[in-house]
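One structure below.
Since every read-out is calculated from the coordinates, none of them should be taken as a lab result. What you see is a predicted model; the values in this text were computed from it and never measured. Neighbour counts run over all protein chains shown; Cβ positions are idealised from the backbone, glycine included.
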Amino acid sequence: MKKIILLLAMSLFITACEDLDQVPSNIANSDSLTDFEGVLNAAYFYQLGSVTPMAVMGDFRADNALMIEEPFPSFDRFNSDLIVMEDQFFEPFYIALYRSILSANNVIENSANTTDVGEAKFLRALSYFKLVRVFGDVTVNLSSGDLSLDLTRQPAADIYNNIIIPDLQDAISVLNNSGLSNGRATQIAAQGLLGKVYMQIGDFTSAESHLAAVVNGAADAGVTLQANFADIFGDANDLNSEILFATQVSSSIPDEYGFTEFTGWYIGNDSKSFEPLDLDLVAAFDAAGDVNRKALTVDEDAVRGIKYLSENPDQDWIELRLADVILLYAEALNENNNGDGSQSATILSLLDDIRTRAGLASLSGTANTQIEVRQAIADERRLELAFEGQRWFDLVRTGTVDVEMGETVNPNYYVFPIPDSEILASNGIITQNPGY
């Protein structure tokens with residue numbers, strides 16, 4: 001008889017040989033339970049463990065932030081050294097997301113509440129999206145209790161096509177936008193994430209339609225850009241009108257991640273990087289004349305990021321916000337409709353509201369070819385989304401790693417090492433990424 005699994009001592013695969021029948025005393029067996037809200041909440045909660053690793057991989061692997069003390073500068077070296085960071089980053093990330101998937105599977109399999117199932121599918125899609133962007137091919141589990149599943153890593157393309165995209169399509173079909181005010185998965189968040197997924201796999205046509213739905217439907221859903229850039233971040237601004245989805249953080253809820261949190265890394269509160277700011281990012285702000293966003297993103301004198309000002313506060317991790325979607329929409333339009341450059345001004349005008357609140361002039365008329373517009377949007381994404389865990393994944397997605405990092409990087413190192421603990425626990429069925 002399957003049990004409700006809310007708390008796991010280890011990851012799905014490590015615990016494959018142990019007792020997974022952990023049932024809190026006040027929770028019934030899954031075949032007699034009718035309210036799966038607690039299980040769904042567990043799927044939300046486990047996203048917390050992915051936040052700091054994602055932040056470090058997104059900014060410290062790229063040209064926004066730096067590690068100082070060995071062996072942590074392995075994030076800045078494109079070789080096998082990075083595998084030594086397993087305990088602090090890759091293993092907690094891997095474990096947290098499979099825990100979220102396992103809880104989501106339980107809701108999807110057993111709940112009769114269509115909204116709960118829609119939220120669970122959103123969270124499962126989000127979890128697999130994070131996993132494939134970080135590791136490439138990964139093991140697939142679509143069951144809450146089947147320990148006989150094939151642990152062999154499945155192609156990332158299959159996971160996109162058979163899990164992530166269908167799950168988000170299902171979420172869109174059953175969710176509404178009432179959950180925006182309390183941080184639940186919503187229809188517009190699923191639409192935005194699906195657009196981002198299509199951008200990740202280079203399907204610009206599909207991406208355009210979903211991103212357009214968000215941009216054009218945002219106002220009716222109560223989603224708007226904040227008038228002031230500063231009002232997006234910090235615990236006082238959690239779940240503001242620009243946020244499509246955030247992983248909620250609360251000091252009253254213990255976080256299973258046992259190391260320095262993302263806020264501490266960004267502001268230099270960890271001895272491994274007291275001055276984490278990469279001066280290349282400062283130069284990018286200066287080259288763009290971007291005084292306002294620079295002042296709210298980095299402290300050049302203290303050599304640190306300041307979007308998040310204190311360690312372990314009650315400030316949420318933003319997974320997706322409207323400015324991100326607008327920039328992706330402009331990018332999709334440029335790839336689909338601007339081969340001759342005739343749409344350059346129209347496409348760049350989409351960025352006007354983002355730039356106006358930053359005190360910058362419109363880019364319309366400053367770029368006249370598809371290539372120039374592509375670069376203008378990429379530059380805007382870097383400055384708008386700096387220290388939000390986006391940069392490295394944008395470089396990989398757009399094929400600009402070598403140009404922006406100033407060296408030739410072996411594509412093996414576009415992804416990160418599978419935790420050795422998972423490889424050992426699977427008796428080698430789970431394999432390591434090439435180069436590690």
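Data for the structure
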{"item": "Least to most buried among 373, 409, 396 (fewest other Cβ within 10 Å first)", "result": "409, 396, 373"}
{"item": "From phi via Karplus (6.51, -1.76, 1.60), per-residue ³J(HN,Hα) for segment 345-354 in Hz, x at Gly/Pro", "result": "5, 4, 5, 5, 5, 4, 8, 4, 5, 5"}
{"item": "Total lysine pairs under 29 Å (Cα atoms) in the chain, excluding pairs fewer than 8 apart on one chain", "result": "15"}
{"item": "Ranked list, fewest to most other Cβ atoms within 10 Å of each Cβ, for 421, 209", "result": "209, 421"}
{"item": "Approximate spin-label separation residue 216-residue 239, in nm, with each point projected 7 Å along Cα-to-Cβ", "result": "3.0 nm"}
{"item": "Whole-Hz ³J(HN,Hα) from phi, Karplus 6.51 cos²θ - 1.76 cosθ + 1.60, for segment 77-94, glycine and proline x", "result": "10, 9, 8, 6, 4, 4, 5, 6, 8, 4, 4, 8, 10, 6, 5, x, 4, 4"}
{"item": "Choice from 78, 122, 89 with maximal GNM fluctuation in the chain (Cα, 10 Å cutoff)", "result": "78"}
{"item": "Fluctuation leader among 412, 106, 240 - the chain, Gaussian network, Cα springs under 10 angstrom", "result": "412"}
{"item": "Under Karplus coefficients 6.51, -1.76 and 1.60, residue-wise ³J(HN,Hα) of segment 402-407 in Hz, glycine/proline x", "result": "4, 4, 7, 8, x, 7"}
{"item": "Nonlocal amide H pairs with residue 321, under 5 Å, H built at 1.01 Å", "result": "244"}
{"item": "Simple label model, 7 Å out from Cα along Cβ direction - residue 301 to residue 206, nm", "result": "5.0 nm"}
{"item": "Gain in span if fully extended, residue 169 to residue 412, counting 0.36 nm per residue against the direct Cα distance", "result": "84.4 nm"}
{"item": "0 to 90° range, to nearest 10: angle between helix 370-385 axis and the chain longest Cα axis", "result": "60 degrees"}
{"item": "Contour minus Cα-Cα distance for residue 274 and residue 378 (0.36 nm per residue)", "result": "34.6 nm"}
{"item": "Per-residue [θ]222 nm for the chain (sum of -39500 (n - 2.57) over DSSP H runs n ≥ 4, rounded to 500)", "result": "-13500 deg cm²/dmol"}
{"item": "Net charge of neighbours whose Cβ lies under 15 Å from the Cβ of residue 176, counting Lys and Arg as +1 and Asp and Glu as -1", "result": "-2"}
{"item": "Nonlocal amide H pairs with residue 298, under 5 Å, H built at 1.01 Å", "result": "306"}
{"item": "Residue 353/residue 403 FRET efficiency (R0 35 Å; Cβ-Cβ; nearest 0.05)", "result": "0.80"}
{"item": "In degrees, nearest ten, helix 165-174 long axis to first principal axis of the chain (Cα)", "result": "90 degrees"}
{"item": "Span from the segment 216-294 Cα centroid across to the segment 341-393 one, whole angstrom", "result": "19 Å"}
{"item": "Segment 61-114 and segment 153-189: distance between their alpha carbon centers, rounded to Å", "result": "20 Å"}
{"item": "Order of 204, 93 under a 10 Å beta carbon neighbour criterion, fewest first", "result": "204, 93"}
{"item": "Spin-label proximity, residue 253 to segment 121-147 - amide N less than 20 Å from point 7 Å beyond Cα toward beta carbon", "result": "121-131"}
